[in-house]
Each structure stands twice: as structure tokens, then as C-alpha cells.
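The values are calculated or read from the model by the stated rules, or taken from the named source; none is laboratory data. In this text, all values refer to a predicted model and were calculated from it rather than measured experimentally. Because the Cβ atoms are built from the backbone with ideal geometry, glycine has one as well, and the counts that use them run over all protein chains shown.
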């Protein structure tokens, strides 16, 4: 028996990286997983099925209204309900590390379209379904860069700051329908070997300031996610949970 048996959870950006780790953990706890991603999520779905889970993919641009609404409709048509949404899709790897005056306005807009508007649109899409059920769990993803005010990263830091406020406001608005909305804030996670090898000094510096002085990996986040998706957190909403190895305390 898993903690999430019978629950249907959508994970945006679930085809690879941290999103794939979320999908795997949800499946291992018995959840049916809908992988919503612009990329082909076939390998992720195959892995989840090999674990004995029910899973499907839905090609979704989270910044597009129609595609997010189709994401909801497809999941409901297939499984009849939506119990959880993980707003994991994000604009990070592509973001330029430059001074504020050198950020291209189009890139600023793209960053907010995915990180903020996308989180809102996906939540907006599933909200009617969750309201009709009288229950639901939405988990948004922020970043420790918000607390650090990370240099040369203004657009990304600003977008992830917005997630904290968005979570709190949605928690107020949706609470009367039995829907919980929370934020997970991870620290820096080297997303792949290419990225980590290009900026090894970043991981070294961040490891040094942690109480647990090691590299953070996607699997460090899954316990918190499962808790927030499970009945154990039914009285927890509007919160921002830091999973950062003790790099800061808030």
C-alpha cells in the first residue's frame, strides 16, 4: 500500500530531471501520474509503467491557455479526477546570467510566462475539477535564489519570488474548497552532468555553506513532495517549505 494509492497527480515538466524524479516517487507511492511536458515523455511514462503505475503523457506548453485546459480535460477524461498538481515546469537552464541592463526584454517575458503565468494557468485549469471534488493538492516550486538575491539572475529571482506570493494568495482563495496550495523551495541542484561540469565552482561554494555539506540531488525533494500530496498534510496550506540542506534558515 502506498501513501497515494488511488490519487491522480499531474507533474508539469516531468519528462526529465527533477520532474522525472517527482514522477517516479509519486508512482512508487501508488499515484497515477500524468506527465505534462513540451518534450516527449515516453521514456518517463515507460519507467513509471515498469514500476507498476498507471501513467500517461500530455504534451503541454504551460504558458498556453488552451493547452493547459486540454491538460486538465485529458486527465479527467482518462482518469475521472485530479487530486494533485506539481507545477515543476520552469525557465532556468536557458536563463542568461547577466546584469539587469543586459537582460533581453523578450527573455524576461519568457521567464515570467513559464515560471509565473504557467504556474497560474495550470492551477487555473485544474481548479474547477478540484473544486467539484472538494479536495486537491497544488505544489509550486520556488528557489533559494529568492533569499540570496542571486547576482546576475534578476529575472529568474523575481519570477521565483512571485511564486511565494502566488501560493499564499491561491491558498486563501481555494481553501474553502478543500484545496491545499504550498511551495517547495530547493537549493541549487546541478541539473545534468553538462551543466554541473560547466559551473563546478557554484556547487562547491554552495556545498560549503550547507549544514549538510554535499551536493543536493532531485531525490532530496521527493519526501517533502509526497508529504504535501498525502493526507498527512491535509491541514497544511500556504506554506513555503525549504529543502536546502541547511544553507539558510527561514
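Only one of the numbered conditions (1) surrounded by fewer than 24 Cβ atoms within 10 Å (Cβ to Cβ); (2) out of contact with any helix residue (DSSP H, G or I) (no Cβ under 6 Å at 6 or more places or on another chain) is violated by residue 25, and that is (2).
Please enumerate the residues belonging to the stretch 98-119 that are over 20 Å from residue 229 (Cβ atoms) and surrounded by 14 or more Cβ atoms within 10 Å (Cβ to Cβ).
Here is the first cut: in the stretch 98-119, the ones over 20 Å from residue 229 (Cβ atoms) are 98-117.
Answer for the stretch 98-119, where residues must be over 20 Å from residue 229 (Cβ atoms) and surrounded by 14 or more Cβ atoms within 10 Å (Cβ to Cβ): 98, 103, 107, 108, 110, 111, 112, 113, 114, 115, 116, 117.
If the condition is being over 30 Å from residue 227 (Cα atoms) and surrounded by 12 or more Cβ atoms within 10 Å (Cβ to Cβ), then the stretch 79-96 contributes 95, 96.
Here the condition is being in contact with a helix residue (DSSP H, G or I) (Cβ under 8 Å, 6 or more places away or on another chain), surrounded by fewer than 20 Cβ atoms within 10 Å (Cβ to Cβ) and under 18 Å from residue 140 (Cβ atoms); of 181, 243, it holds for 243 alone.
Name the one entry in 73, 66, 25 that is in contact (Cβ under 8 Å) with a residue 60 or more places away in the chain and in a helix (DSSP H, G or I). Outline the logic, then answer.
Working: 73 fails: in contact (Cβ under 8 Å) with a residue 60 or more places away in the chain; 66 fails: in contact (Cβ under 8 Å) with a residue 60 or more places away in the chain.
Unique residue meeting the criteria: 25.
Of all residues in the stretch 42-63, those satisfying the criterion of being in contact (Cβ under 8 Å) with a residue 12 or more places away in the chain, part of a helix (DSSP H, G or I) and touching a helix residue (DSSP H, G or I) at 6+ places or on another chain (Cβ under 9 Å) are 43, 44, 45, 47, 48.
Starting from residues that are under 16 Å from the mean Cα position of the chain (by Cα) and in a loop (DSSP other than H, G, I, E, B), keep the ones in the stretch 83-132 and report whichever is modelled with the lowest pLDDT. Break it down stepwise before answering.
Initially, the stretch 83-132 is screened for residues under 16 Å from the mean Cα position of the chain (by Cα), giving 83-93, 111-126.
From what is left, the residues that are in a loop (DSSP other than H, G, I, E, B) are 83, 88-93.
Values: 83: 98, 88: 98, 89: 98, 90: 97, 91: 96, 92: 92, 93: 88.
Here the answer is 93.
In the stretch 28-41, the qualifying residues are those that are touching a strand residue (DSSP E or B) at 6+ places or on another chain (Cβ under 7 Å) and touching a residue at least 60 places away in the same chain (Cβ under 8 Å), and the one that is surrounded by the most Cβ atoms within 10 Å (Cβ to Cβ) is 36.
Kindly evaluate residue 19 against the criterion of being modelled with pLDDT of 95 or more, buried (at least 20 other Cβ atoms within 10 Å of the Cβ) and under 30 Å from residue 202 (Cα atoms). Spelling it out, residue 19 is indeed modelled with pLDDT of 95 or more, buried (at least 20 other Cβ atoms within 10 Å of the Cβ) and under 30 Å from residue 202 (Cα atoms).
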